[in-house]
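This report refers to the structure that appears directly beneath it.
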Amino acid sequence: ELAELCGKQKKDFDLVKAPDNVLELCREITGNRMEDAIFADSKQERQVAVDAIKEEADKACEEKFGDDYDSDHVKMAFEVIQEEIYRENILIKGKRADGRGPDDLREVTCETGVLPRVHGSSIFSRGETQSLVLSTLGTSRDVQDLDGLTGGPTSKSFILHYNFPPFSVGEAGRFGFTGRREIGHGALAERSVLPVLPPEDEFPYAIRVVSEIMSSNGSTSMASVCGGSLALMDAGVPLSGHVAGISTGLVSQHDENGNITKHVVLTDIIGAEDHFGDMDFKVCGTRKGVTGFQLDLKIQGLPFDIAKEAVVQVTAARMKILDVMDAALPSHRTELREHAPRIETVKIDPEKIGALIGPGGKNIRRITEVTGANIDIDEDNSGKVRIYATNSEAMKRALEEVDLVTGEIEVGKIYRGIVRGVKEFGAFVECLPSKEGLCHISELADFRVNKTEDICKLGDEIIVKCIGIDDKGRVKLSRRAAMEESKPAEDTESSNEESKEETAEPAAS
């Protein structure tokens with residue numbers, strides 16, 4: 001209805017086609033040289049050789065046809081000639097441009113941890129296609145906000161970006177806006193890796209993967225899937241398994257009625273086989289199954305038996321790629337990289353959320369400034385608190401600060417408390433803010449204490465251990481037990497110092 005109301009009328013474009021006389025002259029000029037050019041060793045050599053012949057044909061056509069000369073006609077003529085040579089060699093001779101058989105895979109190599117500063121990185125190469133993939137872990141504040149016109153999710157915590165710079169195909173060009181092709185390739189890779197990611201409640205990170213295509217000659221989106229899986233494992237993301245992707249192509253011959261009379265399914269197609277072929281069938285998955293696929297066709301429909309043949313070939317190729325990936329990094333790293341944020345999730349009493357935040361956010365800002373950690377509180381009033389820190393010391397301090405405000409006194413734990421009350425029968429010690437217990441006079445020391453004031457006075461700071469909580473919630477503390485437990489550590493430290501002095505004397509003498 002919107003298109004009828006204000007849509008523009010579609011334009012008609014003239015089909016650019018090589019005239020017969022131009023095509024015939026180009027065939028005469030190329031002769032057998034075009035086949036030699038197409039079967040050069042590398043993509044770059046093939047392109048240079050074809051361009052040299054085309055330049056020669058351009059000059060000849062310009063001299064012969066004069067005012068009727070059109071460089072687009074020569075370009076289309078060379079498209080026709082190349083397509084015929086590529087397809088005839090594959091269908092009749094079983095010969096591909098790079099010398100492989102129909103179901104042969106190009107050499108696959110991969111490496112992880114290639115960049116020291118990032119959270120995870122990998123390089124995945126398959127023939128002349130290479131991708132450098134980076135993975136970054138962020139906090140819940142780093143998720144991507146979504147504003148859909150028709151509802152749906154409001155954010156997503158896994159993002160995969162695909163970049164295809166001009167230099168990847170040997171060109172000098174400008175880095176402009178992200179194109180539809182880049183968005184589409186990134187979306188295919190993203191949804192193919194997504195099924196193996198851990199649930200957010202188990203791994204509460206926002207994850208961004210960026211695939212930088214260094215060199216391109218076919219199926220860079222599949223290289224992004226493989227490299228993305230390796231980079232995530234390198235970052236310590238506990239994937240359920242590696243994901244690999246590979247594509248198959250098709251070259252077919254048809255009768256007068258359009259029925260396929262002969263066909264060849266090609267594994268791991270290069271760029272020219274995608275361009276001159278009939279199909280690009282990308283399939284991604286683990287050893288257990290498929291996680292994503294995409295089919296591009298240039299013919300009217302794909303017979304089911306050919307589709308089955310393609311799936312069989314692509315599955316065998318995927319297993320070979322997974323073998324190489326498993327050899328490079330069989331599982332995710334057990335520890336996150338040095339610079340990756342650490343996340344701890346603690347559960348507090350929902351009624352204490354206000355105390356943790358403090359008036360106007362004063363308390364939570366203080367914890368952030370003192371520790372250097374970030375603290376997020378779930379908005380669903382569940383009492384779930386996530387702490388983000390870049391090192392273990394900051395994480396430890398932040399956990400202590402949160403526990404001080406929201407925690408309960410636990411049996412078996414040692415606390416550094418403040419004496420808030422002195423009685424004949426013992427001392428009341430505040431272990432946590434507004435949380436105190438009684439340290440009986442018999443538990444103040446490992447000898448008989450006649451008066452509580454002999455050991456502690458009001459406002460003194462002492463260490464105590466919680467030795468029990470009765471049915472009415474009364475906390476029992478013991479200074480004697482805390483001192484006994486901390487004594488072995490002190491003895492060990494002193495003995496270590498003595499041994500150091502003993503070993504140092506001979507060296508000094």
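Structure notes:
- Distance between modelled label sites at K288 and E79, nm, 7 Å Cα→Cβ extension: 4.5
- Segment L404-S240, length gained on full extension (0.36 nm per residue, minus Cα span): 55.3 nm
- Separation of alpha-carbon centers, the range 360-419 and the range 177-217, rounded to whole Å: 34
- Net length gained if the chain between I469 and K262 were fully extended (0.36 nm per residue, minus Cα distance): 66.2 nm
- Two-site label geometry, F175 and K413: point separation in nm, points 7 Å out along Cα→Cβ: 4.9
- Sites matching chymotrypsin sites (Phe, Trp or Tyr not before Pro) across the range 162-205 that sit in DSSP coil, with at most 13 neighbouring C-beta atoms within 10 Å: F175, F177
- Dipole of the chain computed with +1 at Lys/Arg Cβ and -1 at Asp/Glu Cβ about the Cα centre; of M76, I441, Q130, farthest Cα towards the positive end is I441.
- Think of it as helices only: each DSSP H run of n ≥ 4 in the chain is worth -39500 (n - 2.57), and spread over all residues that comes to -11500 deg cm²/dmol at 222 nm.
- Likely footprinting exposure, E453, E256, fewest C-beta neighbours within 10 Å first: E256, E453
- Once Kirkwood radius over Cα pairs in Å is calculated for the structure shown, the corresponding label among (i) 38.0; (ii) 24.5; (iii) 29.2 turns out to be (iii).
- Karplus-derived 3J(HN,Hα) values for the range 92-106, using 6.51 cos²θ - 1.76 cosθ + 1.60 with θ = phi - 60°, are 9, 9, x, 10, 9, 4, 9, x, 7, x, x, 10, 7, 9, 5 Hz; glycine and proline are entered as x.
- Relative contact order (%) - the range 1-159, alpha-carbon pairs under 8 angstrom, separation at least six: 15
- Fewest neighbouring Cβ atoms within 10 Å first, the residues K413, K487, K54 line up as K487, K413, K54.
- Distance between the C-alpha centres of the range 252-295 and the range 69-116: 14 Å, rounded to the whole angstrom.
- Inter-probe distance in nm under a simple model that places probes 7 Å from Cα toward Cβ, at E24 and E453: 12.4
- Positive-end residue of V243, I375, G7, charge dipole of the chain with Cβ unit charges: I375
- Ranked by how many other Cβ atoms sit within 10 Å of their own Cβ, fewest first, the residues K43, K435 fall in the order K435, K43.
- Charge dipole (debye, nearest 20) of the chain; +1 at Cβ of Lys and Arg, -1 at Cβ of Asp and Glu: 1480
- Within the range 124-186, GluC sites (Glu not before Pro) in DSSP loop having at most 14 other beta-carbon neighbours inside 10 Å: E171
- Once the C-beta distance of E379 and R420 is scaled by a Förster radius of 45 Å, the resulting FRET efficiency is 0.80 to the nearest 0.05.
- Computed about the Cα centre, the dipole magnitude for the range 287-383 is approximately 240 debye when only Lys and Arg (+1) and Asp and Glu (-1) carry charge, each at its Cβ.
- Top positive-direction residue, dipole computed over the chain with Cβ charges, set F293, V405, S219: V405
- FRET efficiency for T334 and Q144, using Cβ-Cβ distance with R0 set to 22 Å, rounded to 0.05: 0.20
- Applying 1/(1 + (r/R0)^6) with r as the Cβ-Cβ distance of K64 and L2 and R0 = 51 angstrom yields a FRET efficiency of 0.50.
- Gain in span if fully extended, A187 to Q300, counting 0.36 nm per residue against the direct Cα distance: 38.1 nm
Values quoted throughout were computed directly from the atomic coordinates according to the rules given, and no laboratory measurement underlies them. Keep in mind the model is a prediction, meaning the values are calculated, not measured. Ideal geometry is used to build each Cβ from the backbone, glycine not excepted, and the neighbour counts take in all protein chains shown.
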